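Taking it in order: structure first as structure tokens, then the write-up.
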Amino acid sequence: MKYSNEQLLTLYERMVLSRVYEELVIELLAMGKIQGGAWHLAIGQEAAQVGCLSALGPNDYFGPTHRCHGVLASKLDINKYTAECLCKGTGYQRGKAAIVHISSMEDKVFPANGILGAGAPIAVGFAVALKRQKKDGVVVSVIGDGASNEGNFYEAINLAAIMEAPVVFFIDNNGIGFTNPISNATRVQDLSAKGAAVGIPGITVDGNDVLAVREAVEAAIERAREGQPSIVEAKSVRFRPHAEGLSAETRDPEMVEEAKKNDPIKRYEKVLKDLGILNDSMISEIYDRMKKLSMDAFEYGFASNYPSKEETCDLSLVYKTLGGDLA
Ligand SMILES: Cc1ncc(C[n+]2csc(CCOP(=O)(O)OP(=O)(O)O)c2C)c(N)n1
């Protein structure tokens, strides 16, 4: 095995954290303690997201995505992250970014914007800047299958190719964009094939296999460091609606139930048990620990204050929270 036992178990813990954090969100919504609309859960996609994020080195940047609460919570400070989701003054952007637009330049997670697919050209710009500054970092730009049909994605991959930008385009293909199944949006079977149009490599992996995703992204990051951008597509199935509180599900519920039989966490548990490094008592200890971490983070967020009116309206502070300065 290429990875140490510790690394393998860390992947498992992160996947469990992602799952239980988001299950807690569902519970809190049902209890009326938080509001719906913007919680885009990634239950069912943990292997894709954890596998991708875990491949990054200390100098690498992670592009924006709106669908990775548990994953970001395990990369960032979980309390500060959760406080931001609740719009509190102790959050990463002091309550101004809320759920979808959280960033932390210190942790190399750059800001998202509301225009679907627009993160890709921004990621290329970032990557080119790193290259010009002779910095070692690579940018992993994460987008959904829906976003990969936007014009700006095609422009971004072309620009990355001709500028030899140190960037990886990670397509987190959960089979549906909002309520639009992928088959309505493109005739391409594997979205990684889009790389051929601009002369960059692309690979599609099973997004329910955390180790396959990690290895593919690691290899892509190495290529990117040498100036060869590429696409990695990880296919999985989203178990929940587009966002909690939004209905209008268009998928066959039986398809989703069927997909649950291939639950990425259960699947990885079997891998670790077969290797003899995980057992049932460890599993329950990890679940309990991750639940406590998640509940404590929400308690921290609930107990924090909202930012003051003055602070909310101070544009220079808004700018600072994004890493800039108006002066
Ligand atoms: C240009 C633009 N069009 C539409 C939207 C509304 N919108 C937000 S998320 C989304 C679907 C995204 O699907 P996908 O890229 O597959 O990501 P997923 O939500 O499945 O993770 C849409 C249509 C938007 N934000 N920007």
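The table below lists the values:
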| quantity | calculated |
| --- | --- |
| Global size of the range 5-321 as Cα Rg and Dmax, reported in angstrom | 19.0, 57 |
| Heavy-atom SASA rank of Ile143, Ile115, Ile26 (probe 1.4 Å, accessible area, largest first) | Ile115, Ile26, Ile143 |
| Vicinal HN-Hα couplings computed from phi for the range 114-122 (Karplus, 6.51 cos²θ - 1.76 cosθ + 1.60; Hz; Gly/Pro x) | x, 9, 4, x, 6, x, 5, x, 5 |
| Rounded to 5, the percent of DSSP beta bridges in the range 80-230 classed as antiparallel | 30 |
| Sites Asp314 and Lys33, calculated FRET efficiency, Cβ-Cβ separation with R0 41 Å, nearest 0.05 | 0.90 |
| At R0 = 25 Å, FRET efficiency that the Cβ-Cβ distance of Thr10 and Ala98 yields, to 0.05 | 0.30 |
| Karplus-derived 3J(HN,Hα), 6.51/-1.76/1.60, for each residue of the range 226-240, Hz, glycine and proline x | 8, x, 10, x, 7, 10, 10, 10, 10, 9, 8, 10, 6, 7, 10 |
| 5 angstrom amide H check on Tyr61, placed H, neighbours 5+ away | Val138, Val139, Val140 |
| Accessible-area order (highest first, 1.4 angstrom probe) of the listed residues Val188, Val124 | Val188, Val124 |
| Accessible area expressed per residue, the range 232-273, with surrounding protein chains retained (probe 1.4 Å, Å²) | 53 |
| DSSP bridge orientation in the range 149-236 - percent antiparallel, rounded to nearest 5 | 15 |
| Surface share of carbon and sulfur [accessible, 1.4 angstrom probe, percent] for the chain | 53 |
| Helix-only [θ]222 nm of the chain, DSSP H runs n ≥ 4, -39500 (n - 2.57) each, per residue, nearest 500 | -14500 deg cm²/dmol |
| Gly202 long-range amide H proximity, modeled H, under 5 Å | Ile231 |
| Stretch gain in nm, segment Met295-Thr186, where the contour uses 0.36 nm per residue and the Cα spacing is subtracted | 35.2 nm |
| Where labels lie 7 Å past Cα in the beta-carbon direction, separation of Asp274 and Ile115 in nm | 4.6 |
| Beta bridges per DSSP with both ends in the chain, % antiparallel, nearest 5 | 15 |
| Dipole magnitude of the range 5-321, debye to nearest 20 (Cβ charges: Lys/Arg +1, Asp/Glu -1, about Cα centre) | 580 |
| For the range 89-102, Karplus couplings with θ = phi - 60° (6.51, -1.76, 1.60), whole Hz, Gly/Pro x | x, 8, x, 4, 10, 6, x, 8, 8, 6, 6, 7, 10, 5 |
| For the range 67-141: lysine pairs under 26 Å (alpha-carbon distance), excluding those fewer than 8 apart on one chain | 15 |
| Reachable aspartates and glutamates, given that their alpha-carbon falls under 19 Å from the alpha-carbon of Lys194 and they are not under 8 places away in the same chain | Asp145, Glu150, Glu155, Glu164, Asp172, Asp206, Glu233 |
| Of Gly44, Gly119, Val210, farthest towards positive along the dipole that unit charges on Lys, Arg, Asp, Glu beta carbons give the range 5-321 | Gly119 |
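The values are calculated or read from the model by the stated rules, or taken from the named source; none is laboratory data. Treat the numbers as computed from the prediction; the structure is a model and nothing was measured. Cβ: placed from backbone, ideal geometry, glycine included. Neighbour counts: every protein chain shown. The protein model used for the area step is the full one, side chains on, heavy atoms only, and it has no ligands, DNA or RNA in it. Shrake-Rupley method; radii C 1.70, N 1.55, O 1.52, S 1.80 Å.
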